[in-house]
Amino acid sequence: MENLTVAYLTRAELWLCITTLVYFLMNGAQIFETLVFVPKWTASPPDNFNLLLDGKGASLKNFWIICHSIHEVTFILAIIFSWKIDPIRNWLLILFAVHFAVRVWTLSYFAPNIIDFQKVAETPSLAKDLINRTSLWQTLNYVRVAIFVAVSIGLIPLCIKLFQFRH
């Protein structure tokens, strides 16, 4: 590890704290959605699928695109500004890899299924095996949110360790 300046440590601390804060805010929204919103639209498929429609329901697509984009930029900046601090950088890379894997899972499974559920809301004749599909989606969503929460909790010891570098 190179000789670290106070300015370098300050930038690393700042971006790691920002990404941790943004991650916890994002988790709060995910937990709220998982505990309040998801049970409403999965309770009676396809009757409640209208809650997923843009302009008619509580479509959260734009919110999640913005939220994840901001978070991923801050996460990358935390990695960049912690690059010279090997133990912090390495754990950030591991946590980012886990985060990235869950995002890929989100884009390959969760998002396409939501889009299908929205299509069913507009055209109920497209409905196929909705009880099982929504139940699986809901169960896997618990796993997904738990992983995101675990990643954010994993950032806390990194913040503590980074603050200890000054002493």
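Worth pointing out:
- Estimated at 0.36 nm per residue, the fully extended path between ILE70 and ASN90 surpasses their Cα-Cα distance by 5.0 nm.
- Listed by chain and number, the aspartates and glutamates whose C-alpha is less than 15 Å from the C-alpha of LYS61, apart from same-chain residues fewer than 8 away, are GLU33, ASP116.
- Size of segment 2-50 from its Cα atoms: along the principal axes, largest to smallest, the extents are 61, 14, 14 Å.
- Cross-link partners of LYS128 among lysines, defined as those whose alpha carbon lies under 17 angstrom from its own and excluding same-chain residues fewer than eight positions apart: LYS119.
- The helix-only estimate of mean residue ellipticity at 222 nm for the chain, built from DSSP H runs of length n ≥ 4 each weighted as -39500 (n - 2.57), is -24500 deg cm²/dmol after division by the residue total.
- Straight-line cross-link partners of LYS84 among the lysines, defined as a Cα under 24 Å from its Cα and at least 8 positions apart when in the same chain: LYS161.
- Taking all Cα pairs closer than 8 Å and separated by 6 or more residues, the relative contact order of the chain comes to 40 percent.
- The structure-derived value of Rg and Dmax of the Cα atoms in Å appears in the list (1) 17.0, 55; (2) 21.9, 73; (3) 19.2, 65 under the label (3).
- The long axis of helix 86-105 is offset from the longest Cα principal axis of the chain by roughly 10 degrees.
Only the coordinates and a few stated rules stand behind these numbers; no lab work does. Note that the coordinates shown come from a computational prediction; the quantities given were computed from them, not determined experimentally.
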